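Right, one structure below, let's go through it.
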Amino acid sequence: MDLYEYQARQLLDEQGIATPNGIFARDVDEVAQAADTIGYPCVIKAQVKIGHRGQAGGVKIAHTREEAVAAANAIFPMVIHGHKVRGVLVAEAKNVIHEYYVSISVDRTSRDFDVLATANGGTEVEEIAKAHPESVKRLHINALDTFDLDAATEMAKNIGFYHADVDQAARILLNMWQCFKANDATLVEINPLAKIGDPDDESSKSLCALDAKISLDDNAAFRHDGWKRFAGASQLDPYEQRAKELGLHYVHLQGQVGVIGNGAGLVMSSLDAVSGAGEEQGMGIKPANFLDIGGGASSEVMRNSLEIVLSDPQVKSVFVNVYGGITSCEQVAAGILGALQAIETVKPIVVRFDGNAAQEGLRMLSDANDPHLHVFDTMEEAAQQAAHIAALAQAADKETNK
Amino acid sequence: MTLFVEDGAPVIVQGMTGHQGMTHTARMLKAGTNIVGGVNPRKAGTSVTYPNAKNGKDAVIPVYATCSEASKATGAHASVIFVPPRFAKDAVVEAIQAGISTIVVITEGIPVADSAYFVELALRKGVRIIGPNCPGLITLPSSEQSKGVNMGIIPDGIVKRGPLGLVSKSGTLTYQLMGELSDIGFTACVGVGGDPIVGTTLQESLEAFEADEATKGVVMIGEIGGSAEQDAAQWASTHMTKPVVAYIAGFTAPEGKQMGHAGAIVSGGKGTAQDKKVALEAVGIPVGKTPRQTAELMRKALQSVAA
């Protein structure tokens, strides 16, 4: 789960990492109030989980209440790179002397944790790495080893902090590591970590986290009360929310062919097969969703799955692709037949079974003799057919809407 | 010796008395795996009877308090773990400390910090972990006298012994490809799992298949997320003498959405199926568009080796 900036700041605060004063605001009135409290000038920042929001106009400076209100009015309706603005953060404006980049993340290749930093902060790290590859410093932290002040101090010097900044930067690195561990994070990124203050007054200068990105490990939710305090961070749409409540792995994709299968890999493969078929047939047919019923699914799980997929009005056909390992195709067939009885608006369902109890499952479907059911031997044929049916239905819809 | 474990090796099951453990222990026994004990401190001293599980006879499997006790009593150095995510780290650490040398972790949903911990511990102690969040390992017997090993949840009876190896991030796609190539057969199939940090990588599996004389070609199944496929391909391009063909799932996966597996996510434009396909093809590993086409590529590659 990715956190919004205003939530990530909270976790940094808890570890004693300095951030500018800030208040999260949900509407224009709250922004005006928050800006008065913070003082002027302040920064009005769109809360979206996507980079480059500054270039997209999602970050504005306000010197007066009127400017704060104008900025809020401009930002709230924005959709930035496909992401709706969720709220804004009103934060103290700081005089920035220099910008650094620091992150800690899970390194999948070296199977440990990776501290990545550069004295050329401010933009996205991929761009920094391209423009100044030599400036990017790395340090691997092993799960069995400790990351201590000595190591942090050396890293701080290596990044290019100097004089009094070294100690402060080392403390920040240690606190970031603490933040990473204590919260079961998979990413803690501060960008920029800024040197702020009056350039002419040495005593006014300090390091401050001006923006932060934190991702939490969903698998560790059980250690953190289910991340209840960040409940607002999830961006599930109503279908995804309902699927989650039923314990199903569902991702909404906005196409026309509902896809249900067992096992994440097979379902992804089924999506690819539907997309491929859609492209070949023209008409822009795409998969409507990813839905993995998992291993050993009961008929009830299958029935719930079909109900969710068919509740999406965009869905014109459904592709059920099951290779029975632990999962019994008989159970899946029972679930399909149960759903056919319970659901009012059923769309054509194209089924491909293989493996455990496939023959029994197929027999149950053929005995039911339901016109909505279409059975194929291979996933390629079934995907073709599901895409074809969806294309015909879409064409018919367009005809009626003329 | 076949892949990662000896023919007929005795195996213990951690979490055997739970629902998953019961179901799959019965299945593994029926598949001929030499299951010799379970571990559960609260049920130590009891035993579990699996009706008709061993050559048509009942199998009575004793339950031990700890891995160490189980290993000492049975001589087992291989373990399959079915314990729930919150207890998985302790279970794996216990197995490592008990001197178990091959550990298959089936459990899905283990925090990545826990996996990073036990994977590193295993690497330092020279212990082979397969998984977590994987279907496990199946080896096919190399002679009439010996027995294969089925450690995990891979269905028995899809394949017979043959010259192919298979390594995969996904369970059902493993079964699908096993099914597509069942007429040729396999030496071993290993599901490495779909988590960000795993005990055995795609590359390490290729290394094992390269070293295994009986294996003549390898199918590698990858998916979106990370760069394990690219790493494996890079290694294969300079070290592998046997043909490798691949399948990658998730070309249609949108950015930033986790597709079932914890590790199956495209983030910041990295880890896309297209990138993987390009990287694999660049070093001469053909990538099939569908599982069926991948199987065809494997057949062709095998023919060219034989020719």
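The values are calculated or read from the model by the stated rules, or taken from the named source; none is laboratory data. These numbers were taken from a predicted model, which means no experiment stands behind them. Note: ideal-geometry Cβ built from the backbone for every residue, glycine included; neighbour counts use all protein chains shown.
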>> Looking at the stretch A:152-175, can you tell me whether even one residue there is under 30 Å from B:P84 (Cβ atoms), of a type in the set (A, V, I, L, M, F, W, C) and either out of contact with any Phe, Trp or Tyr (no Cβ under 7 Å at 6 or more places or on another chain) or at pLDDT 95 or above (or both)?
In response: no
> Tell me, which residue of the stretch B:253-271 that is at the interface with chain A (Cβ under 8 Å from one of its Cβ atoms) and buried (at least 24 other Cβ atoms within 10 Å of the Cβ) is nearest to A:H83 (Cα to Cα)?
Replying inline: B:A253
> Pick from B:A236, B:A228: which is surrounded by 21 or more Cβ atoms within 10 Å (Cβ to Cβ) and closer than 18 Å to A:D112 by Cα?
Replying inline: B:A228
> Taking the stretch B:242-269 on its own, how many of its residues are over 24 Å from B:T174 (Cβ atoms) and in a loop (DSSP other than H, G, I, E, B)?
Replying inline: 5
> In the stretch A:281-327, what residues are polar (S, T, N, Q) and surrounded by fewer than 19 Cβ atoms within 10 Å (Cβ to Cβ)?
Replying inline: A:Q281, A:S298, A:S299, A:S311, A:Q314
>> Which condition from (1) away from every other protein chain (no Cβ under 11 Å); (2) farther than 25 Å from B:G263 by Cα; (3) assigned to a helix (DSSP H, G or I) is the one that B:F209 breaks?
In response: (2)
> When you scan the stretch A:69-84, how many residues do you find that are crowded, with 18+ Cβ neighbours inside 10 Å and either in the same structural domain as A:L193 (by TED's automatic domain parsing) or at pLDDT below 95 (or both)?
Replying inline: 2
>> Going through B:V190, B:V198, B:V244 one at a time, which residue ends up being more than 13 Å from chain A (Cβ to nearest Cβ) and farther than 13 Å from B:G284 by Cα?
In response: B:V190
>> Can you say whether A:S110 is within 21 Å of B:A228 (Cβ to Cβ), part of a strand (DSSP E or B) and either in contact (Cβ under 8 Å) with a residue 24 or more places away in the chain or in contact with a Phe, Trp or Tyr (Cβ under 9 Å, 6 or more places away or on another chain) (or both), as far as the supplied structure shows?
In response: no
>> I need the full set of residues from the stretch B:112-152 which are surrounded by 23 or more Cβ atoms within 10 Å (Cβ to Cβ), of a type outside the set (A, V, I, L, M) and within 14 Å of chain A (Cβ to nearest Cβ), in order please.
In response: B:D114, B:S115, B:F118, B:G131, B:P132, B:N133, B:C134, B:P135, B:G136, B:N150, B:G152
>> Residue under question is A:V332, and the condition is that it be away from chain B (no Cβ under 11 Å) and buried (at least 23 other Cβ atoms within 10 Å of the Cβ); does it hold?
In response: yes
> Just for strands (runs of 3 or more DSSP E) wholly inside the stretch A:212-295: which have at least 2 residues that are away from chain B (no Cβ under 11 Å)?
Replying inline: A:212-216, A:257-261
> If we scan the stretch A:127-144, do we find a residue that is closer than 30 Å to A:C42 by Cβ, of a type outside the set (G, A, S) and under 22 Å from the mean Cα position of the chain (by Cα)?
Replying inline: yes
>> Looking only at residues that are within 14 Å of another protein chain (Cβ to nearest Cβ) and in contact with a helix residue (DSSP H, G or I) (Cβ under 8 Å, 6 or more places away or on another chain) in the stretch A:366-381, which one is nearest to A:G338 (Cα to Cα)?
In response: A:F376
> Name the residues in the stretch B:93-115 that are among the hydrophobic types (A, V, I, L, M, F, W, C) and in contact with a strand residue (DSSP E or B) (Cβ under 6 Å, 6 or more places away or on another chain), would you?
Replying inline: B:A95, B:I100, B:I103, B:V104, B:V105, B:I106, B:V112
> If B:Q176 satisfies every condition in (1) more than 10 Å from chain A (Cβ to nearest Cβ); (2) closer than 19 Å to B:E223 by Cα; (3) outside any loop (DSSP other than H, G, I, E, B) but one, which is the exception?
Replying inline: (1)
> Is there any pair linking a residue in the stretch A:28-57 that is assigned to a helix (DSSP H, G or I) to one that is surrounded by fewer than 18 Cβ atoms within 10 Å (Cβ to Cβ) and of a type in the set (S, T, N, Q), with Cβ under 7 Å and at least six apart or on different chains, and which?
Replying inline: A:V28/A:N73; A:I38/A:N21
> Would you pick out the residues in the stretch B:275-295 that are over 23 Å from the mean Cα position of the chain (by Cα) and more than 11 Å from chain A (Cβ to nearest Cβ)?
Replying inline: B:D275, B:V278, B:A279, B:E281, B:A282, B:V283, B:G284
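The rows are residues; the columns are (1) surrounded by 14 or more Cβ atoms within 10 Å (Cβ to Cβ); (2) in a helix (DSSP H, G or I); (3) outside the structural domain of B:G99 (by TED's automatic domain parsing).
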| site | (1), (2), (3) |
| --- | --- |
| B:T2 | yes, no, yes |
| B:T17 | yes, no, no |
| B:L29 | yes, yes, no |
| B:I35 | yes, no, no |
| B:N52 | no, no, no |
>> Every residue in the stretch B:158-173 that is in contact (Cβ under 8 Å) with a residue 40 or more places away in the chain and within 14 Å of chain A (Cβ to nearest Cβ), please.
In response: B:L166, B:V167, B:S168, B:K169, B:S170, B:L173
>> Anything in the stretch B:208-235 that is in contact with a His (Cβ under 8 Å, 6 or more places away or on another chain) and within 19 Å of B:P254 (Cα to Cα)? List them, or say none.
In response: B:E223, B:G225
> Residue check: is A:A25 more than 23 Å from the chain's Cα centre (by Cα), crowded, with 22+ Cβ neighbours inside 10 Å and small (G, A, S)?
Replying inline: no
